[in-house]
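**Student:** The structure that follows is given in the form of structure tokens.
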Amino acid sequence: MQDLNPLAIELNEQIRDATPEVYALLSELGKRIYLPKGILSQSAEANVKANRFNATRAVALKDNKIMHLDVSRQLVPELSPESIFGYAPILGNTELRQVWKAHLQKENPLLTEATFNLPIVTSGMTHSFSLLADLFVNKSDTLILPDKIWGNYRLIFQTKARADVQTYPFFNTDKRFDMIGFRKTLSNISADKLLILLNFPHNPTGYAVTRAEAQQLTDAIVACANTGRSIFVMVDDAYTGFWYDTEVMQESIFGTLVGCHPNVIPVKIDGATKEEYAWGLRVGFLTFALPDKAMQAIEAKLSGLIRADTSGAAQISQTLILEAMKAPSYAEQKQHNYEILKARALKVKQVTTDARYTNLWEVYPSHAGYFICLSLKSGNAEKVRQTLLNEHGIGTIALSKTELRVAYSCLEESEIENVFSTIAQVIQSEK
């Protein structure tokens, strides 16, 4: 193993002194990584002190303004050239980070009085997970996932980081979250370090937990932590805010996990991707709840990882999100879009649970998000998918031999009846 850089050693000691529980979770790469005191730190110093000529920035200037092409500038005429073409700080635009933190406090009552750190900007949520894998996952570390997941988890954590993935049944026989299965999986693992990933609203089913379920999940994690194990909990909040059932918890489970036990370190992963209807802008956020000294070191390590990876999220994407969130019509426009998606969700629930289809499929509970998932009682989901696509021009996702996912988020309400009646027709033809 290579010798640690003195800067990495300093950061490690800072984390170990402030929160030994976090240090116990760091991967080998997490312990090695640091942000060099090189060009970036010298440029930052020059930005403060170089009041005559600043020859440190790796950009081109003209008349003391950032150089650009007018053909690009004219596409976004209301934004300043610097906010379009300039580099953003490694950890993201500071004002955007502050605005996003205020957004989290507003949308999550449990966080109103909680102490949590300024969110870190990433190049989309996948980048967020990749950074967490680098910082906290060693080969053979145990990651606990449900049996129904967003497939990219396996690519990031199992294929790339080589974690040992252990799964539990997502649903019990009553089609509720399988709390017994979750607890059993926790108790069956003897490792001192555990990684847990929670995702509500859930992809692919659209399931959301109630407050009681959220507390039971937290209690199960705390009971595991009481045995002395260090637990890193990643909360995937990609679809937060898209709740269509008043009986489910209308905020992130991150709020129940913050401060629940010294050995439990939660991190919230969310972004503008879905929440701000800005999929291609690739703006994600990482939010921790750590003491300032530990967080300063974690930020330095994440800065090193980002520097070695993307160097930072795109400036224009961050500017667009920030300016949109500050606009007077922002809340009204978000509510308008939400109501459209809610109407689609309710229509899908009405159609898929119709008595005409009870002998064809079972509908997994869906309270939120973008999706509904059908458990086919006959036929093969992949064959059904191919027939729908090739003969009817309808795209769906086959998750297993019997499970078919439909994203109603991209269907007009008027199209929903036709889509599911065609799915029924294809299933019947496969008998």
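**Student:** Within the range 340-382, can you find the residues that are under 15 Å from residue 248 (Cβ atoms) and without any contact (Cβ under 8 Å) to a residue 24 or more places away in the chain?
**Tutor:** Matches in the range 340-382: 349 only.
**Student:** Shifting gears a bit: Of the residues 388, 374, 404, which single one is at pLDDT 95 or above and more than 28 Å from the chain's Cα centre (by Cα)?
**Tutor:** So the residue among 388, 374, 404 that is at pLDDT 95 or above and more than 28 Å from the chain's Cα centre (by Cα) is 388.
**Student:** Take the range 13-33 and flag every residue that is in a helix (DSSP H, G or I) and either under 26 Å from the mean Cα position of the chain (by Cα) or small (Gly, Ala, Ser) (or both).
**Tutor:** Let us first name the residues in the range 13-33 that are in a helix (DSSP H, G or I), namely 13-18, 20-23, 28-32.
Within the range 13-33, 15, 18, 20, 21, 22, 23, 28, 29, 30, 31, 32 meet the criteria.
**Student:** Report yes if residue 235 is closer than 26 Å to residue 151 by Cβ and in a loop (DSSP other than H, G, I, E, B), otherwise no.
**Tutor:** On the way: closer than 26 Å to residue 151 by Cβ: yes; in a loop (DSSP other than H, G, I, E, B): no.
In short, no.
**Student:** OK, next. For the range 314-328, indicate whether the set of residues that are part of a loop (DSSP other than H, G, I, E, B) and without any contact (Cβ under 8 Å) to a residue 40 or more places away in the chain is non-empty. So that I can check it myself, show each step before the final result.
**Tutor:** Filtering the range 314-328 down to residues part of a loop (DSSP other than H, G, I, E, B) leaves 314, 327-328.
Next cut, without any contact (Cβ under 8 Å) to a residue 40 or more places away in the chain only: 327-328.
Yes - at least one qualifying residue is present in the range 314-328.
**Student:** Another question about this same structure. Is there any pair with a first residue in the range 211-235 that is in contact (Cβ under 8 Å) with a residue 12 or more places away in the chain and a second that is small (Gly, Ala, Ser) and open to solvent by 10 Å² or more (accessible area, probe 1.4 Å) whose Cβ atoms are under 7 Å apart and which are 6 or more apart or on different chains, and what are they?
**Tutor:** Going by the 7 Å Cβ cut-off, the qualifying pairs are 230/24.
**Student:** Considering each residue of the range 25-75, count those that are touching a Leu at 6+ places or on another chain (Cβ under 7 Å) and free of Cβ contacts under 8 Å to residues at least 24 places away in the same chain, and give that number.
**Tutor:** Result for the range 25-75: 1.
**Student:** Mind listing whichever residues of the range 339-360 are open to solvent by less than 40 Å² (accessible area, probe 1.4 Å) and either under 22 Å from residue 245 (Cα atoms) or among the aliphatic types (A, V, I, L, M) (or both)?
**Tutor:** Of all residues in the range 339-360, those open to solvent by less than 40 Å² (accessible area, probe 1.4 Å) come to 341, 343-345, 348, 351-352, 357, 360.
The answer is 341, 343, 344, 345, 348, 351, 352, 360.
**Student:** Ok, one more. Which residues, counting only those in the range 141-170, are among the aromatic types (Phe, Trp, Tyr) and either within 18 Å of residue 26 (Cβ to Cβ) or open to solvent by 20 Å² or more (accessible area, probe 1.4 Å) (or both)?
**Tutor:** Pass one, the range 141-170, residues among the aromatic types (Phe, Trp, Tyr): 150, 153, 157, 168, 170.
Correct list: 150, 157.
**Student:** Within the range 38-83, take every residue that is among the basic types (Lys, Arg) and in contact with a helix residue (DSSP H, G or I) (Cβ under 9 Å, 6 or more places away or on another chain) and give me the one that is surrounded by the fewest Cβ atoms within 10 Å (Cβ to Cβ).
**Tutor:** Taking the range 38-83 first, the residues among the basic types (Lys, Arg) are 49, 52, 57, 62, 65, 73.
Then drop every residue that is not in contact with a helix residue (DSSP H, G or I) (Cβ under 9 Å, 6 or more places away or on another chain), which leaves 57, 65, 73.
On the way: 57: 15, 65: 11, 73: 14.
The residue in question is 65.
**Student:** Looking only at the range 379-410, count every residue that is farther than 22 Å from residue 151 by Cβ and open to solvent by less than 30 Å² (accessible area, probe 1.4 Å) and tell me the total.
**Tutor:** Summing the residues that are farther than 22 Å from residue 151 by Cβ and open to solvent by less than 30 Å² (accessible area, probe 1.4 Å) in the range 379-410 gives 1.
**Student:** Consider residue 110 against the criteria (1) open to solvent by 50 Å² or more (accessible area, probe 1.4 Å); (2) at pLDDT below 95; (3) of a type in the set (A, V, I, L, M): it satisfies all of them except one. Which criterion is unmet?
**Tutor:** Unmet condition: (2).
**Student:** Run down 174, 192 and say which single residue is more than 25 Å from residue 403 (Cβ to Cβ), open to solvent by 30 Å² or more (accessible area, probe 1.4 Å) and not hydrophobic (A, V, I, L, M, F, W, C).
**Tutor:** Details: 174 fails: more than 25 Å from residue 403 (Cβ to Cβ).
After ruling out the rest, the residue left standing is 192.
**Student:** Can you pull out the residues in the range 298-315 that are open to solvent by less than 30 Å² (accessible area, probe 1.4 Å) and on the phi > 0 side of the Ramachandran plot?
**Tutor:** In the first step, residues of the range 298-315 are kept if they are open to solvent by less than 30 Å² (accessible area, probe 1.4 Å); the result is 298, 300-306, 312-313, 315.
Within the range 298-315, just 312 meets the criteria.
**Student:** For residue 139, state whether it is touching a Lys or Arg at 6+ places or on another chain (Cβ under 8 Å) and modelled with pLDDT of 95 or more. Steps first, please.
**Tutor:** On the way: touching a Lys or Arg at 6+ places or on another chain (Cβ under 8 Å): yes; modelled with pLDDT of 95 or more: yes.
In short, yes.
**Student:** When the residues of the range 339-361 are filtered to those that are assigned to a helix (DSSP H, G or I) and over 13 Å from residue 413 (Cα atoms), which remaining residue is nearest to the chain's Cα centre (by Cα)?
**Tutor:** Here is the first cut: in the range 339-361, the ones assigned to a helix (DSSP H, G or I) are 339-352, 355-357.
Applying the additional criterion that residues be over 13 Å from residue 413 (Cα atoms) yields 352, 355-357.
Values: 352: 28, 355: 36, 356: 37, 357: 34 Å.
That would be 352.
**Student:** Given the residues 138, 117, 93, which is the only one that is crowded, with 20+ Cβ neighbours inside 10 Å and over 20 Å from residue 58 (Cβ atoms)?
**Tutor:** Numbers: 138 fails: crowded, with 20+ Cβ neighbours inside 10 Å; 93 fails: over 20 Å from residue 58 (Cβ atoms).
Being crowded, with 20+ Cβ neighbours inside 10 Å and over 20 Å from residue 58 (Cβ atoms) holds for just one of 138, 117, 93, which is 117.
**Student:** Pairs, please: C-beta under 7 Å, at least 6 apart or cross-chain, first residue charged (D, E, K, R) and in the range 167-185, second assigned to a loop (DSSP other than H, G, I, E, B) and open to solvent by 10 Å² or more (accessible area, probe 1.4 Å)?
**Tutor:** 175/364; 175/365; 178/169; 178/172
**Student:** Identify all residues within the range 252-287 that are in contact with an Asp or Glu (Cβ under 8 Å, 6 or more places away or on another chain) and open to solvent by 10 Å² or more (accessible area, probe 1.4 Å); write none if there are none.
**Tutor:** Across the range 252-287, the qualifying residues are 262, 263, 265.
**Student:** OK, next. Could you count how many residues in the range 186-209 are farther than 26 Å from residue 240 by Cα and touching a Ser or Thr at 6+ places or on another chain (Cβ under 8 Å)? Before the answer, list the steps.
**Tutor:** Restricting attention to the range 186-209, the residues satisfying the condition of being farther than 26 Å from residue 240 by Cα are 187-193.
Next cut, touching a Ser or Thr at 6+ places or on another chain (Cβ under 8 Å) only: 189, 191-193.
Qualifying residue count for the region: 4.
**Student:** Among the residues of the range 94-121, count how many are under 19 Å from the mean Cα position of the chain (by Cα) and not in a helix (DSSP H, G or I).
**Tutor:** Residues meeting the conditions: 7.
**Student:** Mind telling me which of the residues 309, 354 ends up being among the charged types (D, E, K, R) and at pLDDT below 95?
**Tutor:** Criteria check complete, one pass: 309.
The values are calculated or read from the model by the stated rules, or taken from the named source; none is laboratory data. Predicted model, so just to flag it, every value in this text is computed and none were measured. With ideal geometry, Cβ positions are generated from the backbone for all residues, glycine too; neighbour counts draw on all protein chains shown. The area values use the complete protein model at the heavy-atom level, side chains included, leaving out ligands, DNA and RNA. Shrake-Rupley method; radii C 1.70, N 1.55, O 1.52, S 1.80 Å.
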